[in-house]
Amino acid sequence: MTMTTERSTELVTDGAALLALVELALAEARTLGASQAEAAISMDVGLSVSARLGEVETVEYQRDRGMGVTVYFGTRKGTASTADLSPGGLRDTVAKACSIARFTAEDPCAGLPDPQTLATEIPDLDLAHPWDVSPERACDLAIACEAAAMAVDRRITNSEGAGVSTHRGVRAYGNSHGFLASYPGTVHSISCSVLSAEGEQMERDYWYSTARDWHELEAAESVGRRSGERAVRRLGARKLATTKLPVLYSPDMARGLIGHFLGAIRGGSQYRRSSFLLDAAGTPVFPDWFAISERPHLHKGLASAPFDHEGVATRDRELVEGGVLLGYVLSTYSARKLGLRTTGNAGGNHNIVVPGRGRDFEAMLALMDRGLLVTELMGQGVNAVTGDYSRGASGFWVENGKVAYPVHEVTVAGNLKQMYRHIVEVGSDVDLRGGVRIGSLLLEEMTIAGE
């Protein structure tokens, strides 16, 4: 067992105190002659424990802190970062950023966001719910989670362990346009991964629960049971002959398909001309019933934020409507490179929502009738430039709308542009454990490569 015992008593997690440090950095940048400047400080404190085979393996306290400073001398940019938040450390970091800026090339797209794009109101999104769980209690939960998994079936023979974690932090940001704001957040999780065996075959599966509010976590025993049930369900897996048939992605796997789409419409991919959806805004990308929304202000949302990493206001928007791509995902810099306006996405997306049309998981299986249900993907076989897609997969064969038997050692392949246009349905079985909220997703046809 390993243990890190350094506590976080010196860690400042008060937003006002962090904003004072941001102001100090901005004042120093002005003193050194920067025409514009921005600074961000993030601090995080957490506890993580893990247990395996009934014994505690690790108990770790984490304490992370850091500041990033960006200065502009005209259109010359310099950036530096530090974990030393003392006044002297901040001044040295700002001085380094200013020194770097004097050696960089001019870039007409560089600079702070336009002042009118900055957030003027900071909504309370209910993101902070500290969990005052003791290390002893967290260890007990992890052990109970794993024990529940091992008790599911005698064929659960080994474990990769169970874990419990809790983190809380604050992000503070300010710039020389006068923007200065911070917001807190927490994230908690319980997870378990176990192995099942029958004869010479061994299978692994897992389950986890994560939430901003620890009261909304799935019970530790429930997480364990689900991981055990999933591992046993995979025993007796067969291979398939190569064929072309419908493929149903489970909700947690469907999230990845939408992730590839989001990567393709990011401003960086567009202005670098390295996207399979190059210049696709205003054109059909999905079927005419398909929609994707961004909802940054969902209370307790795992990807909620009142402003982006540049202080730009986050707003509800429709990314796809009637199957048509309405716009890109842009920071200030990428927007300027494309001659557009920032969409408040510096730092990423904020709660992507993909609505279905009311079919639950059983109805999605019935709609597919015959094909492959994918519950796990392996490998990185996605070409972001061409859209070619080829991933190792495992899951279940579906016959007459019912799960027939587990499947492993197959590959699912296609091209993302064609895959998106041939989505048949999205289910109502939405997975809320991430920044993309989507149910199971049915594709009309993919190549399933097996024996």
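Can you tell me which of 24-37, 179-192, 391-404 comes out highest on packing, and rank the rest after it, using the mean Cβ neighbours within 10 Å?
Ranking, from highest mean packing down: 179-192, 24-37, 391-404.
Over the range 388-440, consider all pairs of different Cα atoms and compute the Kirkwood hydrodynamic radius from their mean reciprocal separation; express it in Å, one decimal.
Over the range 388-440, the inverse of the mean reciprocal pair distance is 13.4 Å.
Quick check: convex hull of the Cα atoms in the range 194-322, volume per residue, rounded to a whole Å³?
It comes to 196 Å³ per residue, whole-number rounded.
Under a 5 Å amide H to amide H cut-off, with H placed in plane at 1.01 Å, what residues pair with residue 447 once short-range neighbours are removed?
Close amide H contacts, sequence-distant or interchain: 413.
Which one, (1) 24.2; (2) 22.4; (3) 21.3, gives Kirkwood radius over Cα pairs in Å as derived from the coordinates shown?
Only one option fits the structure, namely (1).
Can you quote the Å³ per residue value for the convex hull of the Cα atoms in the range 112-204, rounded to an integer?
154 Å³
Where does the charge balance sit around residue 418 when Lys and Arg score +1, Asp and Glu -1, over other residues with C-beta under 11 Å from its C-beta?
-1
Going by alpha carbons, how many degrees (0 to 90, nearest 10) lie between the helix axis of 87-101 and the longest principal axis of the chain?
Relative to the chain, helix 87-101 is tipped by roughly 90 degrees.
Could you tell me whether the range 62-111 comes out rounded, prolate or oblate from its Cα gyration tensor? Rule is a ≥ b ≥ c as square roots of the eigenvalues, rounded for a/c under 1.5, then prolate if a/b exceeds b/c, otherwise oblate.
Prolate, since a/c reaches 1.5 and a/b exceeds b/c.
Under a plain spin-label model, where a point goes 7 Å from the Cα along Cα-to-Cβ, how far apart in nm are residue 114 and residue 447?
Here the modelled spin labels are 4.7 nm apart.
What is the extension gain from residue 86 to residue 418, computed as 0.36 nm multiplied by their sequence separation minus the C-alpha to C-alpha distance, in nm to one decimal?
114.1 nm
Per the Cauchy relation, a quarter of the hull surface: what is the mean projected area of the convex hull of the alpha carbons in the range 304-383, in nm²?
That works out to 8.4 nm².
Can you tell me the order of 204-217, 95-108 when each peptide is scored by its average per-residue count of other Cβ atoms within 10 angstrom, highest first?
In descending order of packing, they fall as 204-217, 95-108.
Using only the alpha-carbon atoms, what does the range 207-253 span along each of its principal axes? Please give whole angstrom values in decreasing order.
Dimensions of the range 207-253 along the principal axes of its Cα atoms: 46, 22, 8 Å.
Over the range 237-451, one equal point on each Cα, no solvent: what is log10 I(q)/I(0) by the Debye formula at q = 0.07, 0.08 Å⁻¹?
Results for the range 237-451 at q = 0.07, 0.08 Å⁻¹ read -0.22, -0.29.
Counting only other residues whose beta carbon sits under 13 Å from that of residue 173, what net charge do I get with K and R as +1, D and E as -1?
Its environment carries a net charge of -3.
Which angle from 0 to 90°, rounded to the nearest 10, does the C-alpha axis of helix 220-233 make with the longest principal axis of the chain?
50 degrees
Remind me, what semi-axes does the range 2-232 give for its equivalent ellipsoid, largest first in whole Å, using sqrt of 5 times each Cα gyration tensor eigenvalue?
In descending order, the three semi-axes are 46, 18, 17 Å.
Report the relative contact order of the range 237-451, percent, no decimals, based on alpha-carbon pairs under 8 angstrom and at least 6 residues apart.
The value is 31 percent.
May I ask for the angle, rounded to the nearest 10°, between helix 15-31 and the longest principal axis of the chain, with both axes built from Cα atoms and the value confined to 0 to 90°?
50 degrees
Convert each backbone phi in the range 332-347 into a coupling constant with the Karplus relation 6.51 cos²θ - 1.76 cosθ + 1.60 (shift: θ = phi - 60°), then list the ³J(HN,Hα) values in order as whole Hz, x for Gly and Pro.
For the range 332-347, the Karplus curve yields 4, 5, 5, 5, 5, 4, 9, x, 10, 10, 4, 9, x, 10, 5, x Hz.
Pairs 244/402; 239/300; 300/402; 77/300; 239/402: which exceed 30 Å Cα-Cα?
Table pairs above 30 Å Cα-Cα are 239/300; 300/402; 77/300.
Counting other C-beta atoms within 10 Å, which of 293, 48 has the fewest, and how do the rest follow?
Arranged by neighbour count, lowest to highest, 293, 48 become 293, 48.
Give me the one-decimal nm value for the distance between modelled label points at residue 299 and residue 64, 7 Å along each residue's Cα-to-Cβ direction.
Output for this residue pair reads 2.8 nm.
Once you put a point 7 Å from the Cα of residue 316 and another 7 Å from the Cα of residue 122, both along the Cβ direction, what distance in nm separates them?
2.4 nm
Since every read-out is calculated from the coordinates, none of them should be taken as a lab result. These figures come from a predicted structure and were not determined experimentally. Neighbour counts are summed over all protein chains in view; Cβ atoms, including those assigned to glycine, are modelled from backbone coordinates with ideal geometry.
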